[in-house]
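As structure tokens, the structure follows; a few thoughts come after it.
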Amino acid sequence: MQHVELFCTTSRLVFGVGAIQKLAKEIQRLGKKRILLISDKGLVTTGIVTSVDQQLQKAGYATALFDSVQADPRYETIDASLSALKKHKADVILGIGGGSPLDIAKVTSIMATNTGSVRNYFGIDLVPNPGLPVVLVPTTAGTGSEVTPIAILSDEKAKLKSGIVSPYLFPEVALLDPELTLGLPPAITAAAGMDAFIHALEAYTSINANPMTDLLAAEAISLLSANIRTAYANGRNLPARTAMLRGALLAGMSFANAGVTAVHAFAYPIGAEFHIPHGIANTIMLLPVLRFNLVANMARFAAIGRFMGLNAKEFTMREAAFATLTILKELAEDLNVPQRLSQYGIKEQHIPALAEDVMKVTRLLANNPRNVTLEDAKTIYREAL
């Protein structure tokens, strides 16, 4: 069946070792002078934010810092970031850090030019006006937020994560420097890397996949699976860090267009209610969801194994698909990433409510290669216990 394909991404990408030295010139291209830096206190302690701030001030920019972003940021954080933006009279936003600061930077941008509550914009294409210019600098190889039109915020009261999807969330510039990722601890390297890997895997198996997203996803799967163990074991290995950052970028470009599927959908409720870090939540749900999805498109799952180096010449398609699951389980084990919900205190009694919540994540479930019912959701969560 023929269908029209649409591919969108960030219009300007700057990638490479030492790229951070180009930051002031990239902002100069935008013709702006007052910068709000959005980051988190953990990254500030590394000295990276201070170094960037000094570079910008030396170039003549007026800067202010908002560093109150927390992991899985709540939508209320936007009130505080907007207040900082208005106080500084900023005309451009620089987000630097992992996915949380980048998402807050993107949402702060659109809320500076749109009225009402941020909750009004949860959903697809509900943002009426473009935001302020945004430059994003990722310091983890994970979310790919620098090339997606998506931002995820937590709703503590509803115990849900909700997404804003709008082309106005693409930044003007994404600048990626592998050297900024060298200091990541092994656990964060593993969790972020698995998040990026799952982005690519789900984009490849989404019902919205197309030849362009397939190319990006396949290369991302190959890069990430070949380098994540090295980056985890030896975080100062610059070639591995470079490959990981490029892989996360390509994965982000792919899923921004094809969408992620049920793995992310099932991860959202457990992340929101039990505060499981996003990459870990995805890893826990990976195998249970894939076992459920496998029958829907065995050829695609077999291909993922080949992208990861599986020699499947003697395998049937079914054997190769199941062998891919084994490879994925071994990858999570090698990275010491938790794989059971029970490790976070989740019990049988929690499953009915979690299943109800995941069925509300219709934006992602709509991309899944196999239809998910409420009873299916309960079974999948039980398998992850």
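Tabulated data
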read-out: Low-density loop cleavage sites - GluC sites (Glu not before Pro) in segment 257-357, where at most 13 other Cβ are within 10 Å (DSSP); value: E314
read-out: Under 5 Å, built H, 5+ apart or other chain: amide partners of V14; value: A174, L175, L176
read-out: Residue among M212, M111, M194 with the largest mean-square fluctuation in a Gaussian network model of the chain, springs linking Cα atoms under 10 Å; value: M212
read-out: Loop-located trypsin sites (Lys or Arg not before Pro) in segment 156-241, at most 12 other Cβ atoms within 10 Å (DSSP); value: K157, R236
read-out: Dipole magnitude of segment 158-254 about its Cα centre (Cβ charges: Lys, Arg +1; Asp, Glu -1), debye to nearest 20; value: 320
read-out: Estimated inter-spin distance, K22 and F274, nm [label 7 Å along Cα→Cβ]; value: 4.3
read-out: Given charges at beta-carbon only (K, R positive; D, E negative), |dipole| of the chain in Debye; value: 660
read-out: Long-range HN-HN contacts of G97 with modeled amide H, under 5 Å; value: V137, T139
read-out: Cross-link pairs beyond the 30 Å C-alpha cut-off, checked among K58/K86; K41/K347; K161/K378; K86/K161; K41/K157; value: K41/K347
read-out: Relative contact order for segment 276-385, counting Cα pairs under 8 Å that sit 6 or more residues apart, in percent; value: 35
read-out: Residue of N237, N311, N208 that the Gaussian network model of the chain assigns the largest fluctuation, springs spanning Cα pairs under 10 Å; value: N311
read-out: Å³ per residue enclosed by the Cα convex hull of segment 112-180; value: 101
read-out: ³J(HN,Hα), Karplus 6.51/-1.76/1.60, whole Hz, each residue of segment 308-320, x for Gly, Pro; value: 8, x, 5, 8, 10, 4, 9, 9, 6, 4, 5, 5, 5
read-out: Label corresponding to Rg and Dmax of the Cα atoms in Å when calculated from the structure given, among (1) 20.3, 69; (2) 20.0, 65; (3) 21.5, 68; value: (2)
read-out: Among N297, G123, N368 the positive-end extreme of the charge dipole of the chain (Cβ point charges); value: G123
read-out: Point-to-point label distance, N237-T373, nm (Cα→Cβ direction, 7 Å offset); value: 4.6
read-out: Of the trypsin sites (Lys or Arg not before Pro) in segment 50-142, those whose Cβ has at most 16 other Cβ within 10 Å and which sit in DSSP loop; value: K89
read-out: Using θ = phi - 60° and Karplus 6.51 cos²θ - 1.76 cosθ + 1.60, couplings along segment 109-117 (whole Hz; Gly, Pro as x); value: 4, 6, 6, 6, 10, 10, 9, x, 7
read-out: Over segment 232-385, equivalent-ellipsoid semi-axes from the Cα gyration tensor in Å; value: 25, 20, 16
read-out: Whole-number percent relative contact order across segment 13-181, with pairs defined as alpha carbons under 8 Å at least 6 apart; value: 27
read-out: Relative packing of peptides 4-11, 78-85, 184-191 - highest average C-beta neighbours within 10 Å first; value: 184-191, 78-85, 4-11
read-out: V92 long-range amide H proximity, modeled H, under 5 Å; value: R34, L36
read-out: The chain: relative contact order as a whole-number percent, Cα under 8 Å and 6+ apart; value: 15
read-out: Under Karplus coefficients 6.51, -1.76 and 1.60, residue-wise ³J(HN,Hα) of segment 92-103 in Hz, glycine/proline x; value: 8, 10, 10, x, 9, x, x, x, 5, x, 5, 5
read-out: Pairwise centroid distance, computed over Cα atoms, of segment 92-144 with segment 231-251, Å; value: 25
read-out: Within segment 186-384: Cβ-based charge dipole about Cα centre, in debye rounded to nearest 20 (Lys, Arg +1; Asp, Glu -1); value: 280
read-out: Unit charges at the beta carbon, dipole of segment 267-385: most positive-side option, F315, I327, Q349; value: F315
read-out: Helix 211-233 vs. the chain, principal-axis angle (Cα, 0 to 90°, nearest 10); value: 90
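Readers should treat all values here as calculations from the given coordinates under stated rules, not as data from a laboratory. Please read all numbers here as calculations on a predicted model, not as lab measurements. Here Cβ is always computed from backbone atoms with ideal geometry, including for glycine, and neighbour counts include all displayed protein chains.
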